[in-house]
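Report on the following structure.
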Amino acid sequence: AHDDSWHSVPLSEIDFSRCRRCSPSYRALPRDYPNPPCSERSKEEAAVLNDVWVSLPVGSEESYTFRHMRKNNEEETLFRCEDMRFEIDMCIDSNATTLQRLVKIYDELQFLSDKDPVTKGSL
């Protein structure tokens, strides 16, 4: 059975000390880590795509996570713009989905009103 609990564990909390090493910064996932579900992967893709090795920070990289890096004013503005664009995209998607549902409801009401002689043409 596929164990989804592994996928909620951040890489920083997995003990890689006993895992195989490919280089100083690449380690194999633990042997009991489930392979991600992949659909319609060809033999060639399965031969070249990586499901085993992960890149880990080494040396001074470990003390600097992306969240804690210093940013200048331009970077702060860029991140704020990206956050706002994401929020706007979410609003647009939500409104588009709502509109699609309302169109279906309207079409159904139109169909029903066309069948009923009392309400015919009122929508």
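For segment 106-123, filtering for residues that are loosely packed, with under 10 Cβ neighbours inside 10 Å and under 34 Å from the mean Cα position of the chain (by Cα) leaves 0.
Counting only residues that are at pLDDT 85 or above and farther than 25 Å from Asp15 by Cα, how many does segment 42-65 have? So the count comes out to 6. Selection over segment 8-35 of residues that are loosely packed, with under 10 Cβ neighbours inside 10 Å and in a loop (DSSP other than H, G, I, E, B) gives a count of 8.
The values are calculated or read from the model by the stated rules, or taken from the named source; none is laboratory data. On a predicted model such as this, the values are computed, not experimentally measured, just so you know. Methodologically, a virtual Cβ is constructed for each residue, glycine included, from the backbone with ideal geometry; neighbour enumeration extends over all protein chains shown.
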